[in-house]
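Trainee: Quick one: this structure, given as structure tokens, is what I'll be asking you about.
The values are calculated or read from the model by the stated rules, or taken from the named source; none is laboratory data. Source: prediction; values computed, not measured. Glycine also receives a Cβ, built like all others from the backbone with ideal geometry; neighbour counts cover every protein chain displayed.
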Amino acid sequence: QKEVEQNSGPLSVPEGAIASLNCTYSDRVSQSFFWYRQYSGKSPELIMSIYSNGDKEDGRFTAQLNKASQYVSLLIRDSQPSDSATYLCAVRSGNTPLVFGKGTRLSVIA
Amino acid sequence: GAVVSQHPSRVICKSGTSVKIECRSLDFQATTMFWYRQFPKKSLMLMATSNEGSKATYEQGVEKDKFLINHASLTLSTLTVTSAHPEDSSFYICSASAGWQETQYFGPGTRLLVL
């Protein structure tokens, strides 16, 4: 059973701070890793994908992947109240559907 | 990112009727489409995966005769909820990708309410 684990939160951070969201996965041969953001009542939207060990930056977002530790994280710099949402980690192994974590609820306090 | 649309965005129907939801990839060819269901404050639940021109693969516990999926073209997949019941009321979301190794993009979702 492939599993993706996330802390459900809520994770509360003050506006302007760095939010750190973490995710671990069970399938060692996983190849593709994604972070989606889901606002309440809306569908998920893709924030970032990462495939290789290390960091990948896109604007205020940085994804970090450590395959040896089976760990992927998302850092949000200069957090804004509009970043308040549920963040979903998703992992794929080969030609199989994405496996989603249950999501971490982030609350950015103004 | 790529654009995926869904129609309708919201539908209310009577118990026992059937409802069809369309999912379209607007700017890419989606060889694979996925249908999810999400209850309030719950996780996404994958219902089925469909490849263009093939029968859908349903997840365990999802009734294929109740949730009919058709993926007849590279830009369109449909989900028909047959003989809907109030417990089928949920948020149905499709996603599409250009291939198994490609990114999945989600549609905006369809909120179904069965009275």
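Trainee: Identify, by number, the condition in (1) within 25 Å of A:Tyr39 (Cβ to Cβ); (2) surrounded by fewer than 19 Cβ atoms within 10 Å (Cβ to Cβ); (3) not small (Gly, Ala, Ser) that B:Leu44 doesn't meet.
Mentor: (2)
Trainee: Among (1) in contact (Cβ under 8 Å) with a residue 12 or more places away in the chain; (2) surrounded by 13 or more Cβ atoms within 10 Å (Cβ to Cβ); (3) within 14 Å of another protein chain (Cβ to nearest Cβ), where does A:Thr62 come up short?
Mentor: It is condition (3) that A:Thr62 fails.
Trainee: Suppose we keep only residues that are within 12 Å of chain B (Cβ to nearest Cβ) and in a strand (DSSP E or B) within segment A:6-33. Which one would you say is surrounded by the fewest Cβ atoms within 10 Å (Cβ to Cβ)?
Mentor: Among residues in segment A:6-33 that are within 12 Å of chain B (Cβ to nearest Cβ) and in a strand (DSSP E or B), the one surrounded by the fewest Cβ atoms within 10 Å (Cβ to Cβ) is A:Ser32.
Trainee: Keeping to segment A:70-109, report how many residues are in contact with a strand residue (DSSP E or B) (Cβ under 8 Å, 6 or more places away or on another chain), away from chain B (no Cβ under 12 Å) and part of a loop (DSSP other than H, G, I, E, B).
Mentor: 5
Trainee: Here is a further query. Of (1) small (Gly, Ala, Ser); (2) surrounded by fewer than 17 Cβ atoms within 10 Å (Cβ to Cβ); (3) over 20 Å from A:Leu46 (Cα atoms); (4) in contact (Cβ under 8 Å) with a residue 12 or more places away in the chain, B:Gly61 satisfies all except one. Which?
Mentor: The one condition B:Gly61 does not meet is (4).
Trainee: Let me ask another. Return the residue satisfying two criteria in turn: it lies in segment B:1-29 and is within 14 Å of chain A (Cβ to nearest Cβ) and aliphatic (A, V, I, L, M), and of such residues it is farthest from A:Glu45 (Cα to Cα).
Mentor: So, considering only residues that are within 14 Å of chain A (Cβ to nearest Cβ) and aliphatic (A, V, I, L, M), the one farthest from A:Glu45 (Cα to Cα) is B:Ile21.
Trainee: Here is a further query. Any chance you could count how many residues in segment B:88-115 are within 12 Å of the chain's Cα centre (by Cα), within 9 Å of chain A (Cβ to nearest Cβ) and farther than 17 Å from B:Val62 by Cβ?
Mentor: 5
Trainee: Among the numbered conditions (1) farther than 15 Å from B:His7 by Cβ; (2) at pLDDT 95 or above, tell me where B:Ile93 comes up short.
Mentor: Condition (1) is where B:Ile93 drops out.
Trainee: Of the residues B:Thr103, B:Thr32, B:Thr110, which is at pLDDT 95 or above and not hydrophobic (A, V, I, L, M, F, W, C)?
Mentor: One residue alone meets the criteria, B:Thr110.
Trainee: Can you find, within segment B:81-115, the residue that is surrounded by the most Cβ atoms within 10 Å (Cβ to Cβ) among those that are of a type in the set (A, V, I, L, M) and within 27 Å of B:Ser15 (Cα to Cα)?
Mentor: B:Ile93
Trainee: Additional query: In segment B:13-69, which residues are in a strand (DSSP E or B), under 29 Å from B:Leu115 (Cβ atoms) and not hydrophobic (A, V, I, L, M, F, W, C)?
Mentor: In the first step, residues of segment B:13-69 are kept if they are in a strand (DSSP E or B); the result is B:13, B:19-25, B:32-38, B:45-51, B:57-58, B:67-69.
Checking which are under 29 Å from B:Leu115 (Cβ atoms) leaves us with B:13, B:19-24, B:33-38, B:45-48, B:50, B:58, B:67-69.
Hits for segment B:13-69 are B:Lys20, B:Glu22, B:Arg24, B:Tyr36, B:Arg37, B:Gln38, B:Ser50, B:Tyr58.
Trainee: If you check B:Ser77, B:Ser83, which single one turns out to be in a strand (DSSP E or B), out of contact with any Pro (no Cβ under 9 Å at 6 or more places or on another chain), away from every other protein chain (no Cβ under 12 Å) and under 21 Å from B:Pro8 (Cα atoms)?
Mentor: Just a single option satisfies the conditions, and that option is B:Ser77.
Trainee: Can you pull out every residue in segment A:34-53 that is more than 9 Å from the chain's Cα centre (by Cα), of a type in the set (Phe, Trp, Tyr) and either facing chain B (nearest Cβ under 10 Å) or not in a loop (DSSP other than H, G, I, E, B) (or both)?
Mentor: A:Tyr51
Trainee: Could you check segment A:33-54 and list, in sequence order, the residues that are more than 18 Å from B:Pro108 (Cβ to Cβ) and of a type outside the set (A, V, I, L, M, F, W, C)?
Mentor: Correct list: A:Ser49, A:Tyr51, A:Ser52, A:Asn53, A:Gly54.
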